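*Asks:* Please read through the structure below; I'll follow up with questions.
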Amino acid sequence: MVVIATIDSTLRIDLQQSLTDKGDLFLLLKEGENIVDSVFRHHPSLVILDLYLTHPSGIETLRQLRTEGYKGKIVMLGGQSSQSLAPEATRLGAWQIVGRPFNAGQVLGAAGTTH
């Protein structure tokens with residue numbers, strides 16, 4: 001299972017299509033949904049998490065997931081303005097940080113998931 005939490009609606013649609021085509025289970029979350037609770041409820045092997053999330057931020061969500069014991073892969077979605085957060089995301093155990101612009105193939109490839 002893959003949990004996807006991004007503000008990028010185009011990427012969300014692309015990931016949904018790619019994962020559906022592969023037959024993978026996934027959960028799409030929107031801004032403001034409780035990502036941490038969803039991760040611990042569904043036990044995904046991969047979380048795709050946007051650094052641009054707010055309330056809480058992507059980095060705070062990453063921190064909370066690791067603090068509460070989530071051991072799976074987390075791929076962070078970043079961009080130019082999030083470069084200053086990359087060292088913190090890496091320290092907190094992000095598997096990979098993918099910069100914008102990106103597509104579903106790049107994001108799933110960064111996670112080691114074939115596209």
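*Asks:* Is there a residue in region 60-71 that is of a type in the set (A, V, I, L, M, F, W, C), closer than 19 Å to residue 99 by Cα and within 11 Å of the chain's Cα centre (by Cα)?
*Replies:* yes
*Asks:* Which residue pairs have Cβ atoms under 8 Å apart, sit 6 or more places apart or on different chains, and have a first residue in region 46-60 that is over 25 Å from residue 25 (Cα atoms) and without any contact (Cβ under 8 Å) to a residue 24 or more places away in the chain and a second that is outside any helix (DSSP H, G or I) and of a type in the set (D, E, K, R)?
*Replies:* Between residues of region 46-60 that are over 25 Å from residue 25 (Cα atoms) and without any contact (Cβ under 8 Å) to a residue 24 or more places away in the chain and residues that are outside any helix (DSSP H, G or I) and of a type in the set (D, E, K, R), the close pairs are 54/31.
*Asks:* Same structure, new question: List pairs: first residue in region 84-100 and free of Cβ contacts under 8 Å to residues at least 60 places away in the same chain, second residue surrounded by 16 or more Cβ atoms within 10 Å (Cβ to Cβ) and charged (D, E, K, R) anywhere in the structure, Cβ distance under 7 angstrom, at least six positions apart or on different chains.
*Replies:* 92/63; 95/73
*Asks:* Answer with yes or no whether residue 53 is closer than 15 Å to residue 12 by Cβ and either in contact with a Lys or Arg (Cβ under 8 Å, 6 or more places away or on another chain) or among the hydrophobic types (A, V, I, L, M, F, W, C) (or both).
*Replies:* Against the criterion (closer than 15 Å to residue 12 by Cβ and either in contact with a Lys or Arg (Cβ under 8 Å, 6 or more places away or on another chain) or among the hydrophobic types (A, V, I, L, M, F, W, C) (or both)), residue 53 qualifies.
*Asks:* Being modelled with pLDDT of 85 or more and either closer than 17 Å to residue 3 by Cα or in contact with a helix residue (DSSP H, G or I) (Cβ under 8 Å, 6 or more places away or on another chain) (or both): is that true of residue 85 here?
*Replies:* Here the answer is no, as residue 85 does not meet what is asked.
*Asks:* What is the one condition in (1) over 13 Å from residue 3 (Cα atoms); (2) surrounded by 18 or more Cβ atoms within 10 Å (Cβ to Cβ); (3) not hydroxyl-bearing (Ser, Thr, Tyr) that residue 65 does not satisfy?
*Replies:* (1)
*Asks:* How about region 4-27: which of its residues are farther than 18 Å from residue 42 by Cα, free of Cβ contacts under 8 Å to residues at least 60 places away in the same chain and touching an Asp or Glu at 6+ places or on another chain (Cβ under 9 Å)?
*Replies:* 7, the sole residue that qualifies.
*Asks:* Here's something else I'd like to know. In region 12-44, which residues are under 19 Å from residue 89 (Cβ atoms), out of contact with any helix residue (DSSP H, G or I) (no Cβ under 7 Å at 6 or more places or on another chain) and modelled with pLDDT under 95?
*Replies:* Hit for region 12-44 is 31, nothing else.
The values are calculated or read from the model by the stated rules, or taken from the named source; none is laboratory data. Treat the numbers as computed from the prediction; the structure is a model and nothing was measured. As a convention, Cβ positions derive from the backbone with ideal geometry for all residues, glycine included, and neighbour counts pool all protein chains shown.
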